[in-house]
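One structure is given here, and the rest of the page talks about it.
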Amino acid sequence: MSDTLEELQEAIRNFDEEEAEAKTRQALEEGIEPQEAITAATDVLRETGQKFENGELFLFDLVSAGDAMNASREILEEAIKQQGDERESEGKVVLGTVEGDIHNIGKKILGALLAANGYEVFDLGVEVPAEEFVEKCKEVDADAIGASALLTTTKEKQRELVEVFEEEGLRDDVIMMVGGAPCTEEWKDEIGADLYGQTAFDAVHKIQDFEKADSGA
Amino acid sequence: MREGIKGGQLQLCSDEQVEGIHEGALEILERIGMKIENERALDLLDEAGADVNREDEIVKFPPSLVNECIDEAPRSFRLAARDPENDFMLEPERSYVGSCSGPPHVYDYEAGDERAPTREDLVESIKLQSQLPNIDMSWAMYTLRDDPMLGFINLYELLSNNDKHSCVLSYYGGDLTEKLVDMVELVAEEEDVTNKHLVTMYNEPVSPLCLMRGALESQFAWTDAGLPLLSSPMPDMGATGPMTIAGTAAQGLAESLGGIVIGQLNNPGTPMLMGSLPVPMDMRLGSHCYFHAERMFYQSFTAQWARKYGMPVFGTGGVSDSYGADYQNGAETAISLYGSILAGQNLIHDLGVIGSGYRNSLEVLTLLDEMVGMAKRVTENFEVNDDTLAIDVIEEVGHGETFLSKAHTREHGRKELFMPDLMKKREQANWSFNAAADAAHERVRDLVESADPKPLPEHVDEELQSIMDDAEGMSKEVDMV
């Protein structure tokens, strides 16, 4: 691996967004393939995820490393797109908190954990209308979505989301996952979603298992 | 009148620490301000001289305004109950205890597992609290999570099944909260009560530094009527608050004061409680820690702040992150209960809330009722005089003999020591791993079955039902908080 890529990895390990961004640009200038750079960056995040699972690192380490990784990833994905290629990953997941709900933290933790497990994550933020989920899923050809709701009333929006995906003919192509304090396994079944994650860890494991079962079938 | 417990013996923070955090809170409010999503609140703050940015809804509070509003808020007030014998005075250094609403699961003791709550569970929980001798106020202990009428059901069942003071969470915006106020005022008018402060509402700023539209509407509706309201956030250390105790204490105080300033500007002198319930994020699981060793600092800080600045403070105790009545649960509930009482927090809630807020347990609450009895005994302290020093008796008994047969022993033997009934001393043969919790479970069944709440007059009940029918029609249109 080139020195620059090793420095990029070190920057992510040190949670240094600015340095990660600078080393990413430097790598591209040196003619390193963006896919190679993204693999190098993802490797560090995976290592961070493992250290987190072992209890060596804490959640704030994981989220900070994820932010540094994102700084690099955005540049590299753009470069891959310009080459007319697609990034290789475990899968593409679109995340968002449903319309009317501003709760962000659980989703942010899930995003960091998914990225640490090699997924490509597109976080639409909070108060995301169903149409925006649809648009992004079409744009990036997503494999899964995760819709978060923290309030008894806003979780109804998860039901609407499933309905909108049906109407758009996307339902069978996208794994639909719901989460947040008022959600339960029964709620997931009632609205016809695929997965319910009680915690961020639970969600990651379920999405991995679901994909395995899916590809096995 | 309920006498509560004399707390405030334990001061972990120095005056400099209390002052430093207070100054920090004022600086946060002045430099960073709060996001306030409510036109009426923005108008009030604008008029009072705050720096109001209408576009991004950020309000910066001059320290003088905050201090004036703290002075305006009453230092003590009387909370009422349907049975005036159960009224109590919120005042410095007196503590009153109760459970809380919120947990979405019942801890089913016999099954050793959790389940979704029903309306019957709510009623049972209220009947139990009205029967437990050391519990001062009642809450509907679970969240009926799929019922948009939950706030109304909670209040209705509290007013119908409980002769103590009631507390409710704020679930709705303004229109529906006005209906809740109508229910409280109706019962206050029709029943022979001391004042209309029958129900306190718990309103929560969202950390960091936000007062949301619906919560403010509900605060206005409640305080317009002069009903008691507590403004208390739950910053997650490291997630929605800084990672340090001082920083989270200052931010939490600032958030609480934001609500109090608006309440006092709207209705000067309206009864309010300050409070802050910081919960660190567990950095391995991403969950709330209801119990953590440092909770005692927050308990002490808020109580010391409240005494210094003259406001009653909302407290938290008797909580655990364990999911059942195990060792961890016993230790965490006991430490957090004693921390809150000895600190001198005034309205202490969350007794019986376990599993980091996922479950509420009637058995744990009942064990804590006994622990409160012990705390009462300890805070009453002991007397030193000729009779209690008992030098004459010691002399009479002399060396190597016994006090068992002395009149002095019989005179003091029933009152000097607290006699636990659930966590009692058992002969080894009668001991089992769950003996105390099993006894608590039996006590719960007995108390719930023997509860005999005074029914509301029929016409009052009918009117309450009719208010709820109106609200049900409206609830389909109105956002909840």
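Values quoted throughout were computed directly from the atomic coordinates according to the rules given, and no laboratory measurement underlies them. No experiment lies behind these values; they were computed from the predicted model shown. Ideal geometry is used to build each Cβ from the backbone, glycine not excepted, and the neighbour counts take in all protein chains shown.
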Antiparallel bridge percentage (DSSP; both residues within the protein assembly as shown; nearest 5): 30 percent
Give the Debye-formula value of log10 I(q)/I(0) at each listed q (0.10, 0.18 Å⁻¹), with one equal scatterer per alpha carbon of chain A, two decimals each. -0.44, -1.25
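Determine, for B:V319, B:V448, the number of other Cβ atoms within 10 Å of each Cβ, and report the residues in order from fewest to most.
The order, fewest Cβ neighbours first, is B:V448, B:V319.
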Grab the beta carbon distance between A:D173 and B:A111, set R0 = 41 Å, and tell me the FRET efficiency rounded to 0.05. 0.50
To the nearest 10 degrees, the tilt of helix B:435-450 (Cα long axis) against the first principal axis of the alpha carbons of chain B is 60 degrees
The range A:3-82 - Debye-derived log10 I(q)/I(0), Cα point model, q = 0.16, 0.17 Å⁻¹: -0.51, -0.56
The range B:191-268 to the range A:141-208: how many Å between their Cα centroids? 33 Å
Using the structure shown, list the pairs from B:K179/B:K376; A:K108/B:K308; B:K127/B:K308; A:K108/A:K206; A:K155/B:K60; A:K138/A:K212 with a Cα-Cα distance above 29 Å, or answer none. B:K179/B:K376; A:K108/B:K308; B:K127/B:K308; A:K155/B:K60
Dipole of chain B (Lys/Arg Cβ +1, Asp/Glu Cβ -1, origin at the Cα centre): which of B:A451, B:G330, B:L26 lies farthest to the positive side? B:G330
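Where does chain B land at 222 nm, in deg cm²/dmol rounded to the nearest 500, when only DSSP H runs of n ≥ 4 count, each adding -39500 (n - 2.57), divided by all residues?
Mean residue ellipticity, 222 nm, calculated: -14000 deg cm²/dmol.
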In Å and from the alpha-carbon atoms only, list the Rg and Dmax of chain B. 23.2, 84
Radius of gyration and maximum dimension Dmax of the range B:311-431, Cα, Å: 19.1, 58
Mind checking which aspartates and glutamates have their C-alpha under 17 Å from B:K425, skipping anything on the same chain fewer than 8 residues away? B:E370, B:E416, B:D438
Calculated SAXS-style log₁₀ I(q)/I(0) at q = 0.11, 0.13, 0.14, 0.23 Å⁻¹ - the range B:53-170, Debye, Cα scatterers: -0.53, -0.67, -0.74, -1.22
Using alpha carbons only, what's the Rg to Rh ratio of the range B:197-281 with Rh from Kirkwood? 1.00
Mean-position separation - Cα centroids, the range B:1-80 and the range B:413-450, in angstrom: 44 Å
With charges only on Cβ, +1 for K and R and -1 for D and E, what is the dipole size of chain B about its Cα centre, in debye, rounded to 20? 1240 debye
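Can you give the extra length, in nm with one decimal, that the chain gains between B:I391 and B:L417 once fully stretched, where that is 0.36 nm per residue apart less the Cα-Cα distance? Present the calculation step by step, with values, prior to reporting the outcome.
Working: separation 26, 0.36 × 26 = 9.36 nm, distance 1.95 nm.
Roughly 7.4 nm would be gained on extension.
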Using the basic label-point model (7 angstrom from Cα toward the beta carbon), what is the B:V448 to B:K6 distance in nanometres? 3.8 nm
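May I ask for the Kirkwood hydrodynamic radius of the range A:42-168, worked out over all distinct Cα pairs and given in angstroms to one decimal?
The Cα-based Kirkwood calculation yields 15.4 Å.
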For A:T184, A:T152, what ranking results if the residue with the fewest other Cβ atoms within 10 Å of its Cβ goes first? A:T184, A:T152
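Can you give the FRET efficiency to the nearest 0.05 for B:R377 and A:E18, using r as the Cβ-Cβ distance and R₀ = 45 Å?
0.15
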The protein assembly as shown - convex hull of alpha carbons, volume per residue in Å³: 207 Å³
Only Cα pairs within less than 10 Å get springs; with that Gaussian network setup on chain A, which residue of A:E77, A:E139, A:E47 has the largest fluctuation? A:E139
Please give every one of the aspartates and glutamates within straight-line cross-link reach of A:K188, meaning a C-alpha to C-alpha distance under 12 Å, and leave out same-chain neighbours fewer than 8 residues apart. A:E156
So which lysines pass the test for A:K136, namely a Cα distance under 16 Å, with those fewer than 8 places away in the same chain ruled out? A:K81, A:K92
Among B:250-262, B:188-200, the order from most to least packed when residues are scored by Cβ within 10 Å on average: B:250-262, B:188-200
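Determine the shielding of peptide A:147-153 by partner chains: average, over its residues, the number of Cβ atoms on other chains within 10 angstrom of each Cβ.
3
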Could you work out the percent of alpha carbon pairs in the range B:370-436 separated by over 16 Å, rounded to a whole number? 63 percent
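Tell me the mean residue ellipticity at 222 nm calculated for chain A from its helices only (DSSP H runs of n ≥ 4, each -39500 (n - 2.57), averaged over every residue, nearest 500).
-19000 deg cm²/dmol
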